[in-house]
Amino acid sequence: MTVADLPGVRRQAASMRLLADHPLWVLGGVLVVLIAITGAIRPSYLSFSGLRNTVLLAAPLGIMAAAQTLLMLTGGIDLSVAMVATGAAYVAGNRSPSGALIAIASGLLVGLIAGATNGIGVGIFQVNPLIMTLAMAAILLGLFTSWAQTIFTGSTTVAPLIKTLGGGSFFGNRVPYNALIWVGVALVVMWLLKRTGLGRITYAIGDNPIAARLSGVRVWQVHLVLYTLAGLLAALAGILIAGRTGAVDLQLASTFLLPSVAAAVIGGTSIFGGVGSYSGTILGALILSVLNSMLTFLNVGQAIQQVVYGLIVLLLAWLYAKVTTER
Amino acid sequence: MTAVVRRRALNLRRHGWSIGVWLLLAILIGWYVLLIPRFGSFQIASIIKNSLPLVYLAIGQAVIVITGGIDLGAGAMLVLTNSTSATLMQDQPFLVTILIGFGIILGAAALNGFVGWIINVSRVPDIVVTLATSFIYSGLALMILPGPGGGTSAGFRILFTGSDDGTGTSFGFSLGMLLVPVVIAAFFMRRSRTGLSLYATGSDLNAAYLSGVDIRRAKVIGYAFGGAMAGLAGLATVAITGSGDPRFSIGANATLNSVAAIVLGGVALTGGIGSVVGAVAAAIIVFFLSPILSAMGIDPNTAQVVQGSLIVVVMMIAGLLALRRRRAK
């Protein structure tokens, strides 16, 4: 190697280091590139109504991924979010004739009960989160399949207010209402993680649960609170999804499970806990939603869509792992 | 004298969970015999053959988890191999279906071994990679077989079920197909150098690496073995049902049951702890709950709720016991 090569080498290393220090820039870049590609496939996408549709999809995903992020930071995971969302939406649909507010409240109640049960299992009884939440998903699916024929035989369409919140927009039909709710959730979650004691303890438990316990943290209480919160967020996301589609069924949110985990992982939250942020998850949710629009425009059919979706999630996670281990 | 007593106590503690699982299985079988009006060879045949897919899947999952990974794509692999084999085997003679079967097992092993290699190279956590492959596999299954259909040869069905239409009373073949893979897997994990290297890798990655174990090879082998077992589960499914079904929910449910079975069977999700044999007993228990619940006259949806709740309750009791043991120390 000659001396003249060295500065160039060093400059390249410096730019890699810059990216490693600011992984969110990489994600932002990926997002812009994806939007550009989608625009090239379908030029009408690069307009307010095109991007509005992506945000409409991203908002419930982002809220569900917030639940996932909170739990992954503690080293846990919630594989019941999709079923909790579906159950909440189903109950909200059934209670819609008695008014939108009652419908939303009963939907959130589903999330509260399911989330708290997960929290009791994981926090107090030390059940592995994977088992606890997978079993919760199976239990909820069984319950709602049999309840759909017995006690919840009523309405399967949701109240107008829920439709507006989940699918409507304001400001000349440009900004969806659900984006507004997402911004609210995002602010609360980021405040919780960055500015409160609970947030610091969340990171501490994920980083080293034994150290956290030995320094006097009541780990089970934190688990209980976070799993309950995750259940509530999943329920909220489910109600918004129902508002977008206008009707509820038992498959409503099932396609959201992988994306909710993937959004957090792509956004740099470690599945082993202790590392990550909600701002990364937001970018992850946006990337996945743009990807979804792109695959829809390509009109390739569900089978190929699933394969491509899985491949891209894998590649993005790989890219992120590569960039962040470069330092 | 005291050494013997102490060793016995140690053995009991080490194998206590396994013994408990086998005891639970015996109790369930006894209960089932009392529950139904007539218990004969038809019931035995039906239980053994229908438990095959979950048993295979649990063996594969146990090997992968013992190596320190987890395969959330195992159920999707079952669906993929089920759909592929049903498509390829339709209207083929027995010998051809056997060759296709071997080909599919090898293909599944290669594909899942490749997944293990990706986990090594990318350093993306197992759970994320296999969650992504679960989507890729079920997408591929839908491409190969868009809706339920396909078929296989009569001989191939006899091989797994003992009869050409899947409803016989002879259970020799099923029992053989149950025992042979279990024995091979148990022997491989406990007695071979490679099997021990899988335990070492799952137990402590750094210690294994420093003692000269090729941890990357261990991961690829673990995943390949798991893939082969999931492939075998797909073949058993085509033999039992006589067709292929590419639905996503089948795979998701099978994955849940396989993870539940191995944890119930004493395999720790942290890796390095547990045995294939324990996982097999637990897999039969998890499968066995549905015939018991249906014999009690409970509808399938409620049965699913009861099954999920039972898994949670058992894990809660295990958690409490572990907590008490830690406090006692």
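Read-outs: derived from the displayed coordinates by stated rules, not from any lab. Model, not experiment: these values are computed from the prediction. We place every Cβ from the backbone using ideal geometry, glycine too, and count neighbours over all the protein chains shown.
Shown here for the range B:109-216: trypsin sites (Lys or Arg not before Pro) in loop regions (DSSP other than H, G, I, E, B) with at most 15 other Cβ atoms within 10 Å, namely B:ARG123.
With a simple spin-label model that places each label point 7 Å from the Cα along the Cα-to-Cβ direction, the separation between A:ILE124 and B:LEU99 comes to 6.2 nm.
Alpha-carbon geometry of the range A:152-202: the Rg and the Dmax are 16.3, 45 Å, given in that order. Counted by neighbouring Cβ atoms within 10 Å, the residues A:MET132, A:MET64 run from fewest to most as A:MET132, A:MET64. Neighbours of A:ASP207 by Cβ distance under 15 Å: Lys/Arg scored +1, Asp/Glu scored -1, total +2. What FRET efficiency do you get for B:LEU323 and A:ARG200 if R0 is 30 Å and r is their Cβ-Cβ distance, rounded to the nearest 0.05? In this case the efficiency is close to 0.70.
The alpha-carbon atoms of the range B:223-329, seen along their principal axes, cover 54, 40, 22 angstrom, with the largest extent given first. Considering only Cα atoms, the convex hull volume of chain A works out to 165 Å³ per residue. In the elastic network of chain B, a GNM with C-alpha springs shorter than 10 Å, the most mobile of B:ILE98, B:ILE215, B:ILE317 is B:ILE317. Distances between every pair of Cα atoms in the range B:231-292, grouped in 10 Å steps from 0 to the bin holding the largest one, split as 20, 45, 30, 5 percent. Once both labels are positioned 7 Å from their Cα atoms along Cα-to-Cβ, the gap between B:PHE187 and B:LEU106 label points is 2.2 nm. Taking every Cα-Cα distance in the range B:279-318 and sorting them into 5 Å bins starting at zero, the pair-distance distribution P(r) comes out as 6, 24, 28, 25, 14, 3 percent.
Straight-line cross-link partners of B:LYS219 among the aspartates and glutamates, defined as a Cα under 15 Å from its Cα and at least 8 positions apart when in the same chain: B:ASP71, B:ASP126, B:ASP204.
Legend: translational diffusion of chain B by Stokes-Einstein, Rh = Kirkwood radius over C-alpha pairs, 25 °C, 0.890 mPa s; D = 120 µm²/s. Counting Cβ atoms of other protein chains within 10 Å of each Cβ in A:258-265 and taking the mean gives 3.
Across peptide A:296-307, the mean count of Cβ atoms from other chains lying within 10 Å of each residue's own Cβ comes to 4. What the Cβ-Cβ distance of A:ILE102 and A:ARG218 gives, at R0 = 30 Å and to the nearest 0.05, is a FRET efficiency of 0.30. For the range B:41-297, averaging the sequence separation of C-alpha pairs within contact (under 8 Å, six or more residues apart) and dividing by the residue count gives a relative contact order of 39 percent. Here, the protein assembly as shown has an Rg and a Dmax of 25.3, 89 Å when only alpha carbons are counted. Basic side chains Lys and Arg get +1 at the Cβ, acidic Asp and Glu get -1 at the Cβ, and with that the dipole of chain A about its Cα centre reaches some 500 debye. Ranking of A:TRP182, A:TRP25, A:TRP220 by neighbouring Cβ atoms within 10 Å, starting from the fewest: A:TRP25, A:TRP220, A:TRP182. Peptide A:140-153 has a mean shielding of 3, counted as Cβ atoms of other protein chains within 10 Å of each residue's Cβ. Result for chain B in a Gaussian network model with C-alpha springs under 10 Å: among B:LEU293, B:LEU80, B:LEU54, the largest mean-square fluctuation is at B:LEU293.
Computing FRET efficiency as 1/(1 + (r/R0)^6) for A:LEU187 and A:LYS322, where r is the C-beta to C-beta distance and R0 is 30 Å, gives about 0.45. For chain B, complete DSSP H runs whose alpha carbons reach 18 Å or more along their own long axis and whose mean Kyte-Doolittle score is 1.0 or higher are B:41-66, B:74-89, B:94-122, B:126-144, B:172-191, B:215-241, B:248-264, B:276-295. Note on chain A: GNM, Cα springs under 10 Å; of A:GLY62, A:GLY29, A:GLY76, the largest mean-square fluctuation is that of A:GLY29. For A:VAL222, neighbours were defined as the other residues whose beta-carbon sits under 14 Å from its Cβ, and their charges (Lys and Arg +1, Asp and Glu -1) total +2. Highest mean first, the peptides B:33-40, B:57-64 sorted by other C-beta atoms within 10 Å per residue fall in the order B:57-64, B:33-40. If you take all other residues with their beta carbon under 10 Å from the beta carbon of B:ASN120, and give Lys and Arg +1 and Asp and Glu -1, the sum is +4.
Using a cutoff of 8 angstrom between alpha carbon atoms and counting only pairs six or more residues apart, the relative contact order for the range A:127-206 works out to 11 percent.
For the peptides B:230-236, A:186-192, A:296-302, the ranking by mean Cβ contacts within 10 Å, running from highest to lowest, is B:230-236, A:186-192, A:296-302.
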